[in-house]
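Here is the structure we will look at.
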């Protein structure tokens, strides 16, 4: 079945540091890829998405590029802020068969940014 | 944009109580809604897929008689945790998907259930 693997956390950075959170996936066909963010005590918010190979999703300074050849969707931000502290989930929606429309999540990466 | 409302946000109740959680899509019709469970510091685990007008599809290992799902309209799905026990304490999150293609799911804010 489909699966998503994220880099192990937690990740601790100083403000204005560069952020990378790695994400790789296993899926048949061409899934859609997403990054969700969860702030403490809240539900999930969609951060960005990409629906086909070489698409770049971007939002709030975060970027991720859909790499079919490496089955990756790494999240990056050039300069993090304290307010970016949250849990980040990489996810995919299956492209067909029994996986169609189902979200599969990575295990989540806790990001803490210090002033 | 699309918004999903989940209610209540927090429930504390005694063991043996049944608890109902509502999930509403506010500005779109959701033929499919999803229910997830999240344990502390863990990812979301899909419990079931709720289909309007038909029976829910449960993931392996999820007790359908324990977690009753009703999707009676295109904007409302409910999850009832029957005869809840402390091990049912968790964060429950619903999501809804717009009908067109593989669009991202929109999530409710979650319900923190604590069974004493």
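For region A:1-48 and region B:5-24, what is the separation of their C-alpha centers, rounded to whole Å?
Taking the Cα centre of region B:5-24 as reference, the centre of region A:1-48 is 28 Å away.
For peptide B:41-48, compute the average count of partner chain beta-carbon atoms within 10 Å of each residue's beta-carbon.
Working: counts 6, 4, 12, 11, 1, 4, 0, 0.
Partner-chain Cβ atoms within 10 Å, mean over residues of B:41-48: 5.
What does the average come to when, for each residue of peptide A:102-113, you count the partner chain Cβ atoms lying within 10 Å of its Cβ? Intermediate values should be presented prior to the final figure.
On the way: counts 8, 9, 3, 7, 1, 4, 5, 0, 1, 0, 0, 0.
The mean count of partner-chain Cβ atoms within 10 Å per residue comes to 3.
Which of B:115, A:110 has the fewest other C-beta atoms within 10 Å, and how do the rest follow up to the most?
Numbers: B:115 19, A:110 14.
Lowest to highest Cβ neighbour count: A:110, B:115.
Using 0.36 nm per residue, how much length does the chain from residue B:55 to residue B:73 gain when fully extended, once their Cα-Cα distance is taken away? Provide the component values of the computation, followed by the final result.
Details: separation 18, 0.36 × 18 = 6.48 nm, distance 1.27 nm.
Here the answer is 5.2 nm.
So, R0 is 35 Å and r is the distance between the beta-carbons of residue A:17 and residue B:31; what FRET efficiency does that work out to, to 0.05?
On the way: r = 43 Å, r/R0 = 1.24.
According to the calculation, E is roughly 0.20.
Can you pull the one-decimal nm distance between simple spin-label points at residue B:83 and residue B:45, each 7 Å off the Cα toward Cβ?
Distance between the two pseudo-spin positions: 2.1 nm.
Bear in mind these aren't lab numbers, they're just calculated from the coordinates by the rules spelled out. All figures in this text were calculated on a predicted structure; none of them were measured in a lab. Virtual Cβ from ideal backbone geometry, glycine too; neighbours counted across all protein chains shown.
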